[in-house]
1. Is it the case, given these coordinates, that P254 is under 14 Å from the mean Cα position of the chain (by Cα), closer than 20 Å to I306 by Cβ and touching a residue at least 24 places away in the same chain (Cβ under 8 Å)?
2. Do we have any residue at all in the range 160-183 that's at positive phi and touching a residue at least 40 places away in the same chain (Cβ under 8 Å)?
3. Note down all Cβ pairs under 7 Å where the first residue falls in the range 111-122 and is under 8 Å from T309 (Cβ atoms) and modelled with pLDDT of 95 or more, the second is of a type in the set (F, W, Y) and not in a loop (DSSP other than H, G, I, E, B), and they're at least six residues apart or on different chains.
4. In the range 186-212, which residue that is at pLDDT 95 or above and in a loop (DSSP other than H, G, I, E, B) is surrounded by the most Cβ atoms within 10 Å (Cβ to Cβ)?
5. Got at least one residue in the range 153-163 being surrounded by fewer than 19 Cβ atoms within 10 Å (Cβ to Cβ) and among the β-branched types (V, I, T)?
6. Go through (1) of a type outside the set (D, E); (2) surrounded by 15 or more Cβ atoms within 10 Å (Cβ to Cβ); (3) under 22 Å from the mean Cα position of the chain (by Cα) one by one and return the number of the condition H12 breaks.
7. When the residues of the range 47-70 are filtered to those that are part of a helix (DSSP H, G or I) and hydrophobic (A, V, I, L, M, F, W, C), which remaining residue is most open to solvent (accessible area, probe 1.4 Å)?
8. Do we have any residue at all in the range 260-270 that's within 21 Å of L98 (Cα to Cα), buried (at least 20 other Cβ atoms within 10 Å of the Cβ), modelled with pLDDT of 95 or more and of a type in the set (V, I, T)?
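The values are calculated or read from the model by the stated rules, or taken from the named source; none is laboratory data. Owing to the predicted nature of the structure, the values given are computational and were not obtained by experimental measurement. Counting neighbours? That spans all protein chains shown, and the Cβs are built from the backbone with ideal geometry, glycine included. These accessible areas exclude ligands, DNA and RNA; they are computed on the full protein's heavy atoms, side chains included. Shrake-Rupley method; radii C 1.70, N 1.55, O 1.52, S 1.80 Å.
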Amino acid sequence: MYSINITPRTFHFRQPAGTSRGVYTERRSWMLELTSDEYPGRVGIGECAPLPQLSCDDTPEYEKTLRAVCDRFEHEGVVNYPMMRPYPSMLFGLETALLNLQRGSDILFDNAFSRGEEGIVINGLVWMGSQQEMLGRIEEKLKQGFHCIKLKIGAIDFELELDMVRRIRDRFSRSEVELRVDANGAFEFDEALYKLELLAQYAIHSIEQPIKPNQWGYMAELCRESPLPIALDEELIGINMPEMKAHVLNIIKPAYIVLKPSLHGGMKGVREWVDIAAKQGIRSWITSALESNVGLNAIAQLAADIYGTNNIMPQGLGTGLLFTDNIPMGLEIRGEKIFKCR
């Protein structure tokens, strides 16, 4: 017999996190504490953290729905995946709590990362701000040893953002620094291709979600015509059935997809996306969605379980230092890698 206690938790950012959708100063999560007669004395912890106005399960009655989902799990004793597909952040929290309970430790998957033997290469994330603020943050990431930098763009003047990219390329070649940009849907379609052509001059690895989602025809045209590889992110939210996942990728044909368990179907949904994309020759990487270390610990171990730790693309797992009041989980960033400390 299972029992789940739900505790709301608010985390506070060390500095405002700016995207084209707005600025985050705090992060709301719901922590699950799972117990069972089968595992006396153990508590499994999971994190449910929908992104406001982005997650498909972000609703005004989120906690009420989460309680109903947990009640059903307590009654059935198994994760009802068909029923849970529309609730990815809840599913991810429940999957994490169940693995934590069953394993009896925070090692959810047995791999070189979770055993503390190897680290995972990650990108250095630079949030939006003024040009000077962003240039300062880039300098900081480079000094820390990052060779892959991801820039959030779309909030300040595009010419200033382009100038910032040019300055980076004037100092560092493509072989020295890999640049990724994330527009979070900030471009209008009629200007997007022109902006992508300008960015492509500076050897950009890829751009995430240049235009708003749910414009499949426009996005497919951009993927076909753009000199800059395009990665889908928000486009994948709410597409939960395997046949629809294959369908949208076949229509749009992106170069990459970027996956977040809290947004894209929990752990099971992410594995589906990776497998379906690979069959179409589309590569992928995994990122966190501003979860606390509870969620980040699970996401990092999942990434290592799917891709391994050697010769993989840099993952988006560098969010562990964002909060002033994070939960200790033995995660540490050294240089450009995240490690699980034992």
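1. Values: under 14 Å from the mean Cα position of the chain (by Cα): no; closer than 20 Å to I306 by Cβ: yes; touching a residue at least 24 places away in the same chain (Cβ under 8 Å): yes.
So P254 fails the test.
2. No, that holds for no residue.
3. G119/F339
4. P210
5. For the range 153-163, residues surrounded by fewer than 19 Cβ atoms within 10 Å (Cβ to Cβ) and among the β-branched types (V, I, T): present.
6. (2)
7. Out of the qualifying residues, it is A68.
8. yes
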